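Worksheet for the structure shown next.
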Amino acid sequence: MVFISANLARIDLGMTKHPALDLSLEDALPGDAGTTLAIDRASEVPVYQQIRRRYREQILSGALPPGTLLPPERRLAERLGVNRSTVLAAYGALKADGLVGAHVGRGTAVLARPTLAAAAESRREPALAWRELVRRGVASREDPVLRDLLELAERRDVISLAVGLPPAELMPLAELREVQERLLVERGTETLLHSPTEGIAPLRESLAARCASWGIQVTPAEILVTSGSQQGLDLIARVFLDPGDVVIVEQPTYLGALEVFRRAEAHLVSVPVDGDGMRIDLLEALLARHRPKLIYTLPTFQNPSGAVLSTSRRLALLELARRYQVAVVEDDPYRDLAYDAEPPAPLAALDPLGRRGGTIFVSSTSKVLFPGLRVGWIAAPEEVIRRLALAKQSADLHSSTPGQWIVDRFLREGRLDRHLARVRPQYARRRDTMLEALAPGAALGLSWARPRGGFYVWCDLPSALAASHLSAEAARQGVCYLPGSACGAQATTVEHLRLNFTALAPAELREGGKRLLRAVASALALSTARNPRDGAGAGTRPIV
């Protein structure tokens, strides 16, 4: 039966008799058992599009199977009280969708049911331009170096000296199992439920105690648990940086921090690093000229250079930051990995204003325990913690509850310190193994400093060596590294390599060193052959 009003024409659809039968007013539309086809004349959507959408839904859902004949155009137009050209337009759109086909003498029939992707392809409609929708700070930075590096590192025949991880075989799995089982018995589902955004109270207490052991006097209320130190940096950028704000960074520095600040659309100004850390003698002129909002530093076993900021420079940095009213972000995930002498006290401990000072301390357990737990923290004045917690709440509500309970027990029961006492000597031996493997490279022009802690050897390449040649040769030799260009806010005249020595066993480090030196020798010969007068390489960005 047909119901027609001023604004709405509807066909009441009863049981389908047969898709190929001629339809009369009492017949239903093919395949539409128990439903209605509604045409809203007051809608801004054209009537032909409404017809098209209804049939499209029925075809893609399977309600109208392949071979079903649609009503003749004239008959459907009469039923709906519309012009025949409207129905022709609807059927034409369905044909363009690849959903129906017209057959002379037989009518319009449903084709073999395609997927939505096939239907879109059949229309040849342009795909959504996602790049045009992406925020400017995200779309502007596309670096193939790290993408290609990760792809290469996944190959089983490649020895990766690139990724900074603790070795899986030295992780305390038996202790982890014991801690997990006891937590489930003692705490039950509490370990699996939501937790406060700032972090569970026991862990914040344990982290405040950890900070106190380093000389940083904070209360649990001045601790925010984060999903790794990377999230800590991201939250700091969200809370403090507007597009165009200046951030002082070291050259070189942690590539993850560079990505965070770039995506926040900050303007990065770099200060060189030498064996004693950031060149504080060059800092004041930059502070006076650029008036930055943040100074970002890794003063202890710096990533990637391994440098340690001297105590005198730490005090000078704090004084300059106070004078110019700049917040200092101290990223310190490697403090527990000293292989020779203990490093100087953290900036946050040396700040004369203490918890009223301008230092935001960021750290993580990812480098010293289980990276996959993603437990880090920020220690800062309570006002700062409140603002960062609000930003975190909108990002992920809270960090992993099981991970927080596990890390708390490892800290509270002294398990982390015992684990560190076991692995530090082994890390030191691995460092020495890598340095021995690199030693023949000195004859090729390689140079490096012996790191006193942390994860990395920072290697200078000879000026005659083109980085692009080395990346290609390293791939052929089956070894990969992190190119130094990824660790800088600006280009430098000297190319570097960051080499991790903790993640691999000594035998793999020795083999990786041999492969790297073979690649250096081959690339050096190639670079010199292409630049016979001075041997200088082109220095293009390496794609590994």
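See the values below:
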{"quantity": "Whole-percent carbon and sulfur share, accessible surface of the stretch 39-110, 1.4 Å", "calculated": "50"}
{"quantity": "Peptide ranges 210-219, 290-299 listed from the most packed, as the mean C-beta count within 10 angstrom indicates", "calculated": "290-299, 210-219"}
{"quantity": "Overall form of the stretch 303-413 per C-alpha gyration tensor (a/c, 1.5; a/b vs b/c)", "calculated": "oblate"}
{"quantity": "For peptides 178-184, 502-508, 362-368, 76-82, sequence by mean Cβ density within 10 Å, most packed first", "calculated": "362-368, 76-82, 502-508, 178-184"}
{"quantity": "Alpha-carbon centroids, the stretch 396-417 and the stretch 198-214: separation in whole Å", "calculated": "10"}
{"quantity": "Inter-label distance, nm, simple model (7 Å from Cα along the C-beta direction), Arg386/Ala529", "calculated": "6.8"}
{"quantity": "Accessible surface of the stretch 191-346, 1.4 Å probe, proportion on carbon and sulfur as whole %", "calculated": "52"}
{"quantity": "Cα→Cβ-extended label distance, 7 Å offset, between Leu315 and Asp432, nm", "calculated": "3.4"}
{"quantity": "Estimated inter-spin distance, Arg187 and Ser394, nm [label 7 Å along Cα→Cβ]", "calculated": "2.9"}
{"quantity": "Cut-off 10 Å between beta-carbons: net charge of the residues surrounding Thr108, Lys and Arg +1, Asp and Glu -1", "calculated": "+1"}
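The values are calculated or read from the model by the stated rules, or taken from the named source; none is laboratory data. Treat the numbers as computed from the prediction; the structure is a model and nothing was measured. All Cβ positions, glycine included, derive from the backbone under ideal geometry; neighbour counts span all protein chains shown. Just so you know, the surface numbers come from the protein's heavy atoms only, side chains and all, with ligands and any DNA or RNA stripped out. Shrake-Rupley method; radii C 1.70, N 1.55, O 1.52, S 1.80 Å.
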